[in-house]
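Engineer: I'd like to ask you about the structure that follows.
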Amino acid sequence: MQWFKLQSFYRDGSYGCVLDKSNMKLAVKQLILYPMSSSTKKPDFLQQSRFSKLKIQKKTGLLALSPLGSVLLSSFLLWGTAARADIAISPLVIETQVQRGQAQGTITVRNGDAKEFRARVYSAPFTYDAEQGYKPLKSSPQDLTPYLQFSPRELQVSGSDERRIRFVVRFPPSLPDGEYRAMLFTENLEAIMQKETNTTTGITFKTAIVPQVGVAVYVRKGNISHNLSVKSARYNPQFKQVQLLVRNTGKASAILQGEWTIKKGEQEIYKGRGIDTTVIAEGERYLIVDYVKKLESGEYQLSGNLGWGVNRTNKIPFNVKFSVP
(Lines give C-alpha, C1' and ligand atoms only; values in the text may rest on other atoms or scores of the structure.)
Protein backbone atom coordinates (compact mmCIF):
# COMPACT_ATOMS: atom_id res chain seq x y z
CA MET A 1 0.00 0.00 0.00
CA GLN A 2 1.41 3.37 -1.02
CA TRP A 3 1.04 6.42 1.19
CA PHE A 4 1.38 10.03 0.19
CA LYS A 5 2.19 12.69 2.79
CA LEU A 6 1.59 16.38 2.32
CA GLN A 7 5.07 17.36 3.37
CA SER A 8 7.37 18.12 0.45
CA PHE A 9 6.76 18.64 -3.24
CA TYR A 10 8.49 19.31 -6.52
CA ARG A 11 6.51 21.61 -8.81
CA ASP A 12 5.90 20.85 -12.46
CA GLY A 13 7.91 23.47 -14.32
CA SER A 14 5.05 23.94 -16.78
CA TYR A 15 3.05 25.81 -14.22
CA GLY A 16 3.74 28.42 -11.63
CA CYS A 17 2.83 31.71 -10.11
CA VAL A 18 4.07 35.21 -10.86
CA LEU A 19 4.32 38.11 -8.44
CA ASP A 20 4.28 41.61 -9.86
CA LYS A 21 6.10 43.41 -7.04
CA SER A 22 5.60 46.85 -8.56
CA ASN A 23 1.89 46.96 -7.79
CA MET A 24 1.64 44.02 -5.36
CA LYS A 25 -0.77 42.09 -7.57
CA LEU A 26 -0.61 38.34 -7.69
CA ALA A 27 -1.22 36.35 -10.85
CA VAL A 28 -1.58 32.63 -10.25
CA LYS A 29 -1.80 29.74 -12.67
CA GLN A 30 -3.01 26.26 -11.81
CA LEU A 31 -0.30 24.30 -10.02
CA ILE A 32 0.21 20.61 -10.48
CA LEU A 33 2.39 19.15 -7.74
CA TYR A 34 4.57 16.12 -8.28
CA PRO A 35 5.49 14.45 -4.99
CA MET A 36 8.74 12.50 -5.32
CA SER A 37 11.31 10.74 -3.20
CA SER A 38 14.70 9.22 -3.90
CA SER A 39 13.12 5.83 -4.47
CA THR A 40 9.65 6.58 -5.79
CA LYS A 41 8.12 8.77 -8.46
CA LYS A 42 4.43 9.41 -8.01
CA PRO A 43 2.00 10.15 -10.84
CA ASP A 44 0.97 13.65 -11.83
CA PHE A 45 -2.70 13.23 -11.05
CA LEU A 46 -2.12 12.81 -7.33
CA GLN A 47 -2.30 16.39 -6.29
CA GLN A 48 -3.69 19.64 -7.47
CA SER A 49 -3.18 23.01 -5.86
CA ARG A 50 -5.22 26.05 -6.62
CA PHE A 51 -5.77 29.43 -5.03
CA SER A 52 -9.15 30.92 -4.37
CA LYS A 53 -9.60 34.68 -4.73
CA LEU A 54 -6.38 36.24 -3.45
CA LYS A 55 -5.82 39.73 -2.20
CA ILE A 56 -2.90 41.53 -0.59
CA GLN A 57 -3.16 44.29 1.94
CA LYS A 58 -0.40 46.68 0.81
CA LYS A 59 0.41 48.13 4.23
CA THR A 60 0.67 44.93 6.22
CA GLY A 61 1.56 42.55 3.40
CA LEU A 62 -1.20 40.21 4.55
CA LEU A 63 -2.17 37.68 1.91
CA ALA A 64 -5.70 36.47 2.49
CA LEU A 65 -7.81 33.81 0.83
CA SER A 66 -11.26 35.20 0.29
CA PRO A 67 -13.03 32.90 0.74
CA LEU A 68 -10.66 30.23 2.01
CA GLY A 69 -10.06 28.04 -1.00
CA SER A 70 -8.11 24.89 -1.68
CA VAL A 71 -4.35 25.22 -1.44
CA LEU A 72 -1.37 22.96 -0.93
CA LEU A 73 1.46 25.33 -1.74
CA SER A 74 2.27 28.67 -0.12
CA SER A 75 3.04 30.30 -3.48
CA PHE A 76 5.60 33.07 -3.71
CA LEU A 77 5.60 33.67 0.04
CA LEU A 78 7.54 30.54 0.80
CA TRP A 79 9.16 30.30 -2.65
CA GLY A 80 8.53 26.58 -3.10
CA THR A 81 8.17 25.50 0.53
CA ALA A 82 5.04 23.41 0.84
CA ALA A 83 2.52 23.60 3.62
CA ARG A 84 3.21 20.91 6.16
CA ALA A 85 0.39 18.62 7.12
CA ASP A 86 1.17 15.09 8.22
CA ILE A 87 -1.81 13.52 6.47
CA ALA A 88 -1.51 10.38 4.36
CA ILE A 89 -4.14 9.09 1.92
CA SER A 90 -4.23 5.73 0.14
CA PRO A 91 -4.83 4.85 -2.62
CA LEU A 92 -4.57 8.01 -4.70
CA VAL A 93 -5.85 6.44 -7.92
CA ILE A 94 -8.71 3.98 -8.19
CA GLU A 95 -9.41 2.18 -11.46
CA THR A 96 -12.23 -0.35 -11.45
CA GLN A 97 -14.68 -2.12 -13.74
CA VAL A 98 -18.39 -2.00 -12.98
CA GLN A 99 -19.96 -5.40 -12.28
CA ARG A 100 -23.73 -5.85 -12.58
CA GLY A 101 -24.14 -2.11 -12.61
CA GLN A 102 -22.14 -1.49 -9.42
CA ALA A 103 -18.63 -0.80 -8.18
CA GLN A 104 -17.29 0.05 -4.74
CA GLY A 105 -14.09 0.87 -2.89
CA THR A 106 -12.49 2.47 0.15
CA ILE A 107 -10.00 5.27 0.76
CA THR A 108 -7.97 5.42 3.96
CA VAL A 109 -7.05 8.74 5.59
CA ARG A 110 -4.28 8.53 8.18
CA ASN A 111 -3.41 11.31 10.60
CA GLY A 112 0.26 11.16 11.59
CA ASP A 113 0.01 14.30 13.72
CA ALA A 114 -0.93 14.46 17.40
CA LYS A 115 -3.53 17.13 16.57
CA GLU A 116 -7.02 16.13 15.44
CA PHE A 117 -7.69 16.42 11.71
CA ARG A 118 -11.08 17.56 10.38
CA ALA A 119 -12.06 17.66 6.73
CA ARG A 120 -14.97 17.68 4.35
CA VAL A 121 -15.27 15.19 1.50
CA TYR A 122 -16.76 16.01 -1.89
CA SER A 123 -16.48 14.94 -5.53
CA ALA A 124 -16.13 16.89 -8.78
CA PRO A 125 -15.67 16.11 -12.50
CA PHE A 126 -12.28 16.67 -14.12
CA THR A 127 -10.15 16.02 -17.17
CA TYR A 128 -6.53 16.42 -18.26
CA ASP A 129 -5.77 19.18 -20.74
CA ALA A 130 -3.01 18.63 -23.31
CA GLU A 131 -1.15 21.75 -22.23
CA GLN A 132 -2.14 22.45 -18.62
CA GLY A 133 -2.68 18.97 -17.21
CA TYR A 134 -5.32 18.71 -14.50
CA LYS A 135 -8.45 20.70 -15.34
CA PRO A 136 -11.56 20.94 -13.14
CA LEU A 137 -14.90 20.84 -14.94
CA LYS A 138 -18.37 22.08 -14.09
CA SER A 139 -19.96 19.25 -16.07
CA SER A 140 -18.93 16.42 -18.37
CA PRO A 141 -20.52 13.48 -20.22
CA GLN A 142 -17.98 11.34 -18.35
CA ASP A 143 -18.88 12.79 -14.92
CA LEU A 144 -19.05 10.04 -12.29
CA THR A 145 -20.52 12.23 -9.55
CA PRO A 146 -24.24 11.60 -10.32
CA TYR A 147 -23.68 7.87 -9.75
CA LEU A 148 -21.21 8.18 -6.85
CA GLN A 149 -22.25 7.85 -3.20
CA PHE A 150 -19.72 8.08 -0.39
CA SER A 151 -19.59 8.24 3.38
CA PRO A 152 -18.69 10.09 5.54
CA ARG A 153 -19.03 13.55 4.01
CA GLU A 154 -17.22 15.09 6.95
CA LEU A 155 -14.19 13.42 8.46
CA GLN A 156 -12.75 13.67 11.95
CA VAL A 157 -9.51 11.78 12.54
CA SER A 158 -7.90 11.78 15.96
CA GLY A 159 -4.14 12.14 16.34
CA SER A 160 -2.18 9.07 15.15
CA ASP A 161 -5.40 7.46 13.98
CA GLU A 162 -7.08 6.69 10.64
CA ARG A 163 -10.53 6.68 9.05
CA ARG A 164 -11.96 5.15 5.90
CA ILE A 165 -14.08 6.76 3.23
CA ARG A 166 -16.35 4.22 1.55
CA PHE A 167 -17.91 4.77 -1.84
CA VAL A 168 -20.42 2.96 -4.04
CA VAL A 169 -21.10 3.53 -7.74
CA ARG A 170 -24.45 2.54 -9.25
CA PHE A 171 -24.98 2.85 -13.01
CA PRO A 172 -28.44 2.71 -14.63
CA PRO A 173 -28.76 0.01 -17.31
CA SER A 174 -29.35 2.67 -19.99
CA LEU A 175 -25.99 4.37 -19.37
CA PRO A 176 -23.72 4.07 -22.45
CA ASP A 177 -20.51 2.07 -22.20
CA GLY A 178 -17.46 4.16 -21.42
CA GLU A 179 -15.23 5.54 -18.70
CA TYR A 180 -16.71 7.70 -15.94
CA ARG A 181 -14.46 9.62 -13.60
CA ALA A 182 -14.37 12.06 -10.69
CA MET A 183 -11.95 13.50 -8.16
CA LEU A 184 -12.88 12.61 -4.59
CA PHE A 185 -11.49 15.48 -2.52
CA THR A 186 -10.60 15.60 1.15
CA GLU A 187 -10.30 19.24 2.21
CA ASN A 188 -9.21 20.54 5.61
CA LEU A 189 -11.88 22.38 7.59
CA GLU A 190 -9.18 24.32 9.42
CA ALA A 191 -6.76 26.61 7.60
CA ILE A 192 -3.01 26.38 8.21
CA MET A 193 -1.42 29.77 8.86
CA GLN A 194 2.11 30.44 7.60
CA LYS A 195 4.18 33.60 7.50
CA GLU A 196 7.33 34.76 5.75
CA THR A 197 9.29 37.98 6.26
CA ASN A 198 11.02 39.67 3.34
CA THR A 199 14.49 40.57 4.61
CA THR A 200 14.81 43.43 2.11
CA THR A 201 11.51 45.24 2.71
CA GLY A 202 10.82 44.03 6.24
CA ILE A 203 7.24 43.18 5.25
CA THR A 204 5.80 40.04 6.83
CA PHE A 205 3.40 38.07 4.67
CA LYS A 206 0.82 35.77 6.23
CA THR A 207 -0.91 33.05 4.27
CA ALA A 208 -4.02 31.05 5.12
CA ILE A 209 -3.63 27.63 3.52
CA VAL A 210 -6.32 24.98 3.18
CA PRO A 211 -4.74 21.63 2.14
CA GLN A 212 -6.78 19.53 -0.25
CA VAL A 213 -6.08 16.02 -1.56
CA GLY A 214 -7.76 14.62 -4.66
CA VAL A 215 -8.15 10.89 -5.31
CA ALA A 216 -8.80 10.12 -8.99
CA VAL A 217 -11.59 7.56 -9.39
CA TYR A 218 -12.08 5.88 -12.79
CA VAL A 219 -15.02 3.49 -13.24
CA ARG A 220 -15.35 1.73 -16.60
CA LYS A 221 -18.49 0.21 -18.10
CA GLY A 222 -18.30 -2.29 -20.92
CA ASN A 223 -15.36 -3.68 -22.88
CA ILE A 224 -13.32 -0.53 -23.45
CA SER A 225 -9.59 0.18 -23.72
CA HIS A 226 -7.13 2.93 -24.63
CA ASN A 227 -5.55 3.40 -28.07
CA LEU A 228 -2.25 5.29 -27.88
CA SER A 229 -0.01 6.90 -30.48
CA VAL A 230 2.94 9.30 -30.34
CA LYS A 231 2.28 12.32 -32.56
CA SER A 232 5.30 14.62 -32.25
CA ALA A 233 7.88 16.25 -29.99
CA ARG A 234 8.65 19.91 -29.42
CA TYR A 235 10.89 22.22 -27.45
CA ASN A 236 8.87 24.67 -25.35
CA PRO A 237 11.04 27.81 -25.05
CA GLN A 238 8.81 29.38 -22.38
CA PHE A 239 9.51 26.60 -19.88
CA LYS A 240 12.71 25.31 -21.52
CA GLN A 241 11.26 21.81 -21.76
CA VAL A 242 11.23 19.00 -24.28
CA GLN A 243 7.65 17.74 -24.59
CA LEU A 244 6.22 14.63 -26.24
CA LEU A 245 2.67 14.75 -27.61
CA VAL A 246 0.71 11.52 -27.04
CA ARG A 247 -2.80 10.92 -28.35
CA ASN A 248 -5.36 8.50 -26.90
CA THR A 249 -8.26 7.74 -29.25
CA GLY A 250 -9.58 4.95 -27.01
CA LYS A 251 -12.46 5.04 -24.52
CA ALA A 252 -10.25 4.41 -21.46
CA SER A 253 -7.59 6.67 -19.95
CA ALA A 254 -4.00 5.45 -19.67
CA ILE A 255 -1.27 6.11 -17.11
CA LEU A 256 2.05 6.23 -18.95
CA GLN A 257 5.71 6.43 -18.00
CA GLY A 258 8.21 7.54 -20.61
CA GLU A 259 11.71 6.18 -21.10
CA TRP A 260 13.65 8.36 -23.52
CA THR A 261 16.96 9.20 -25.10
CA ILE A 262 17.87 12.61 -26.55
CA LYS A 263 20.45 12.68 -29.33
CA LYS A 264 22.00 15.40 -31.45
CA GLY A 265 23.35 13.64 -34.49
CA GLU A 266 25.25 10.63 -33.14
CA GLN A 267 25.90 12.24 -29.75
CA GLU A 268 23.76 11.04 -26.88
CA ILE A 269 22.74 14.05 -24.79
CA TYR A 270 20.52 12.43 -22.18
CA LYS A 271 18.90 9.16 -21.18
CA GLY A 272 16.24 9.02 -18.50
CA ARG A 273 12.78 8.12 -17.31
CA GLY A 274 9.79 10.38 -16.64
CA ILE A 275 7.03 10.40 -14.07
CA ASP A 276 3.68 8.66 -14.51
CA THR A 277 1.34 10.85 -16.54
CA THR A 278 -2.33 10.35 -17.40
CA VAL A 279 -3.46 10.66 -21.01
CA ILE A 280 -7.22 11.00 -20.78
CA ALA A 281 -9.62 8.93 -22.89
CA GLU A 282 -10.26 10.49 -26.31
CA GLY A 283 -7.71 13.20 -25.61
CA GLU A 284 -4.05 14.05 -25.89
CA ARG A 285 -1.30 15.21 -23.55
CA TYR A 286 2.19 16.66 -23.67
CA LEU A 287 4.51 14.50 -21.56
CA ILE A 288 7.42 16.40 -20.05
CA VAL A 289 10.88 14.96 -20.70
CA ASP A 290 12.85 15.24 -17.44
CA TYR A 291 15.91 16.96 -18.90
CA VAL A 292 16.68 20.22 -17.09
CA LYS A 293 19.94 21.40 -18.66
CA LYS A 294 20.09 23.92 -21.48
CA LEU A 295 19.95 22.59 -25.04
CA GLU A 296 21.89 24.38 -27.73
CA SER A 297 20.18 25.43 -30.95
CA GLY A 298 19.84 22.69 -33.53
CA GLU A 299 18.03 19.52 -34.57
CA TYR A 300 17.51 16.69 -32.06
CA GLN A 301 16.10 13.19 -31.97
CA LEU A 302 13.91 11.86 -29.14
CA SER A 303 13.46 8.10 -29.00
CA GLY A 304 12.39 5.50 -26.46
CA ASN A 305 9.13 3.93 -25.35
CA LEU A 306 6.00 4.58 -23.32
CA GLY A 307 5.16 1.96 -20.72
CA TRP A 308 1.88 1.19 -18.97
CA GLY A 309 0.27 -1.58 -16.94
CA VAL A 310 1.77 -3.64 -14.14
CA ASN A 311 5.52 -2.93 -13.90
CA ARG A 312 5.17 -1.01 -17.20
CA THR A 313 5.57 -4.24 -19.19
CA ASN A 314 3.36 -2.95 -22.03
CA LYS A 315 5.34 -0.57 -24.23
CA ILE A 316 4.97 1.63 -27.30
CA PRO A 317 8.23 2.59 -29.07
CA PHE A 318 8.66 6.02 -30.60
CA ASN A 319 11.27 7.97 -32.55
CA VAL A 320 10.60 11.62 -33.35
CA LYS A 321 12.57 14.80 -34.09
CA PHE A 322 12.39 18.30 -32.64
CA SER A 323 14.18 21.61 -33.07
CA VAL A 324 15.63 24.05 -30.57
CA PRO A 325 15.67 27.63 -31.91
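Engineer: Taking θ = phi - 60°, what integer Hz values does the Karplus form 6.51 cos²θ - 1.76 cosθ + 1.60 yield along region 228-239, in sequence order, with x for Gly and Pro?
Structural biologist: For region 228-239, the Karplus curve yields 9, 8, 8, 8, 5, 10, 8, 9, 8, x, 5, 9 Hz.
Engineer: Just to confirm, what accessible area per residue do you get for region 148-232 at 1.4 Å probe, in whole Å²?
Structural biologist: In whole numbers, region 148-232 has 49 Å² accessible per residue.
Engineer: Under 15 Å from a label point 7 Å along Cα→Cβ of R164: give me every residue in region 91-132 with its amide N that close.
Structural biologist: 91, 104-110
Engineer: Net charge around I269, counting only other residues with Cβ within less than 9 Å of its Cβ (Lys, Arg = +1; Asp, Glu = -1)?
Structural biologist: Local net charge: +3.
Engineer: Just in region 118-217: which GluC sites (Glu not before Pro) are loop by DSSP and have at most 15 other Cβ atoms within 10 Å?
Structural biologist: Listed in order of number, the matching sites are E131, E190.
Engineer: Any chance you could check the Cα centroid distance between region 286-302 and region 149-225 for me, in angstrom?
Structural biologist: 34
Engineer: Under a point-charge model restricted to the Cβ atoms of Lys and Arg (+1) and Asp and Glu (-1), what is the dipole moment magnitude of region 115-199 relative to its Cα centre, in debye to the nearest 20?
Structural biologist: Using Cβ point charges on Lys, Arg, Asp and Glu, region 115-199 gives about 280 debye.
Engineer: OK, next. Report the trypsin sites (Lys or Arg not before Pro) located in region 196-300 that are in a DSSP loop and have at most 11 other Cβ atoms inside 10 Å of their Cβ, or state none.
Structural biologist: Of the trypsin sites (Lys or Arg not before Pro), the ones in loops of region 196-300 whose Cβ has at most 11 other Cβ atoms within 10 Å are K293, K294.
Engineer: For region 131-288, what class follows from the C-alpha gyration tensor (a ≥ b ≥ c being the square roots of its eigenvalues): rounded when a/c is under 1.5, otherwise prolate if a/b is larger than b/c, else oblate?
Structural biologist: It comes out oblate by the Cα gyration axes.
Engineer: Separate question: Counting only protein heavy atoms, what percent of the accessible surface of region 216-325 is carbon or sulfur at a 1.4 Å probe?
Structural biologist: Roughly 46 percent, rounded to a whole number.
Engineer: Follow-up question, since we're still on this one. I want to check the label-to-label distance for K271 and K294. Put each point 7 Å from Cα in the C-beta direction and report it in nm to one decimal.
Structural biologist: It works out to 2.7 nm between the two label points.
The values are calculated or read from the model by the stated rules, or taken from the named source; none is laboratory data. Only a predicted model underlies this, so the values are computations on that prediction, with no experimental measurement involved. Here the Cβ is made from the backbone with ideal geometry for all residues, glycine too, and neighbour counts use every protein chain on show. The protein model used for the area step is the full one, side chains on, heavy atoms only, and it has no ligands, DNA or RNA in it. Shrake-Rupley method; radii C 1.70, N 1.55, O 1.52, S 1.80 Å.
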